[in-house]
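The values are calculated or read from the model by the stated rules, or taken from the named source; none is laboratory data. Note that the structure is a prediction, hence the values are computed from the model and not measured. Positions of Cβ are backbone-derived with ideal geometry, glycine not excepted, and every protein chain shown enters the neighbour counts.
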Amino acid sequence: MGSELAGAGLSGEWRGYDVIGDVHGCAETLERLLHKLGYRQGPSGYYHHTRQAIFVGDIIDRGPRIREALQLVHAMVTAGAARMVLGNHEFNALAYCTPKAGCAAEAPVEYLRPHTPRNSRQLAETLEQFADYPDEWNAYLAWFRRQPLFLEWPEFRVVHACWDAELIARHRARFGDGRFDEAFLQETGIPGSDAARIKQRLTSGVDLPLPKGMTIVSSDGVERTHFRTKFWAPDAQTYEELLFQPDPLPDGFGQQRISPEHRQRMVTYGADEKPVFVGHYWLKGHPEPIASNIGCLDYSAVKFGRLVAYRFDGETQLNPKKFVWAYVDP
Ligand SMILES: [Mn+2]
């Protein structure tokens with residue numbers, strides 16, 4: 001196949017890549033999207049002769065067919081028809097189900113991600129749907145451990161929420177690529193550790209705190225003390241210009257100027273960098289690039305939005321016409 005690719009513009013073995021957004025258990029919609037993209041069901045799962053699917057993570061939680069979605073994505077990744085990066089939901093599931101190392105044998109088991117009502121709620125649908133298949137769930141957890149937090153090709157990058165070049169360089173110095181080991185997973189349970197910062201930044205982006213006493217109640221009823229921000233807005237002056245989530249900021253706060261302390265926490269992604277694809281942000285409406293070199297593929301599928309893909313062929317500026325989607329059937 002190599003000679004066919006000469007001059008195709010991409011340096012890998014594939015003629016193109018289809019980057020797919022947060023599935024969250026919408027397996028039936030994912031099948032429709034894959035058909036639309038020209039993938040067919042073979043003996044080892046869905047495949048395309050000349051293209052590879054890249055999942056931005058968050059396959060699990062919330063939706064009606066989480067087990068089926070995992071079976072489908074796992075089969076594709078195992079066969080080489082797809083690759084994936086971990087979303088915050090997969091990493092959280094891993095931490096929720098992994099005991100903290102070094103606990104006294106007689107003490108009750110403590111998990112890396114505490115079993116608070118809120119954390120348990122996030123994983124509830126997944127654990128429910130796997131209640132009769134504990135061995136299968138454990139096998140998926142073992143598989144999550146081998147998946148990377150980010151992927152990079154000569155022409156593009158994929159990460160669940162935020163490409164932070166400095167933290168990624170630090171991760172690479174330790175592991176060579178986006179994968180991690182048991183020690184890293186354990187370290188994510190230590191607040192302020194390198195591993196905790198890398199996990200949080202790459203899979204959940206940059207959250208800034210609201211002023212003391214202010215909260216946002218998001219559309220799913222969760223009360224939040226932090227808000228999600230853009231990582232590609234170096235010129236933002238006010239919090240409103242930095243905001244990147246569907247829920248608005250409290251009255252009066254949005255117009256305030258970004259404090260020097262918060263400015264220091266901002267991550268930026270230069271307009272001259274290679275394209276990066278993310279999920280995570282619950283976008284609504286008609287899919288389009290969020291910057292000329294940044295594609296967000298999360299259009300709230302599980303909230304009856306769209307499951308979105310971008311057909312990438314090596315271009316340096318994203319083309320709004322290359323988004324493809326399937327609607328979730330209510
Ligand atoms: Mn998500």
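One residue stands out among those in the range 199-217 that are out of contact with any helix residue (DSSP H, G or I) (no Cβ under 9 Å at 6 or more places or on another chain) and exposed (fewer than 14 other Cβ atoms within 10 Å of the Cβ): the one that is farthest from ASP181 (Cα to Cα), which is GLY213. The number of residues in the range 306-330 being at pLDDT 95 or above, in contact with a strand residue (DSSP E or B) (Cβ under 8 Å, 6 or more places away or on another chain) and under 19 Å from LEU34 (Cα atoms) comes to 14. Against the numbered list (1) in contact with an Asp or Glu (Cβ under 7 Å, 6 or more places away or on another chain); (2) part of a loop (DSSP other than H, G, I, E, B), GLY102 comes up short only at (1). When restricted to residues that are aliphatic (A, V, I, L, M) and surrounded by 24 or more Cβ atoms within 10 Å (Cβ to Cβ), the range 286-310 contains 5.
Scanning the range 58-74 turns up no residue that is small (Gly, Ala, Ser) and out of contact with any helix residue (DSSP H, G or I) (no Cβ under 7 Å at 6 or more places or on another chain). Applying the condition of being closer than 23 Å to LYS36 by Cβ and small (Gly, Ala, Ser) to the range 257-305 and asking which residue is farthest from the ligand (Cβ to nearest atom) yields GLY285.
Would you pick out the residues in the range 138-159 that are more than 20 Å from the chain's Cα centre (by Cα) and free of Cβ contacts under 8 Å to residues at least 60 places away in the same chain? Matches in the range 138-159: ASN138, ALA139.
Of the residues making up the range 147-164, not a single one is surrounded by 13 or more Cβ atoms within 10 Å (Cβ to Cβ) and assigned to a helix (DSSP H, G or I). Checking the structure you have, find out if any residue of the range 302-323 is within 26 Å of LEU151 (Cα to Cα), in contact (Cβ under 8 Å) with a residue 40 or more places away in the chain, assigned to a helix (DSSP H, G or I) and in the same structural domain as ALA53 (by TED's automatic domain parsing). Yes, the range 302-323 contains a residue that is within 26 Å of LEU151 (Cα to Cα), in contact (Cβ under 8 Å) with a residue 40 or more places away in the chain, assigned to a helix (DSSP H, G or I) and in the same structural domain as ALA53 (by TED's automatic domain parsing). It is to be established whether one or more residues within the range 215-225 are within 28 Å of ARG197 (Cα to Cα), aliphatic (A, V, I, L, M), within 16 Å of the ligand (Cβ to nearest atom) and not assigned by TED's automatic domain parsing to the domain that holds ASN88. Yes - at least one qualifying residue is present in the range 215-225.
The set of residues in the range 54-71 being within 13 Å of the ligand (Cβ to nearest atom) and either of a type in the set (Asp, Glu) or more than 21 Å from PRO330 (Cα to Cα) (or both) consists of PHE55, VAL56, GLY57, ASP58, ASP61.
Could we say that GLU240 is touching a strand residue (DSSP E or B) at 6+ places or on another chain (Cβ under 9 Å) and free of Cβ contacts under 8 Å to residues at least 40 places away in the same chain here? So GLU240 fails the test.
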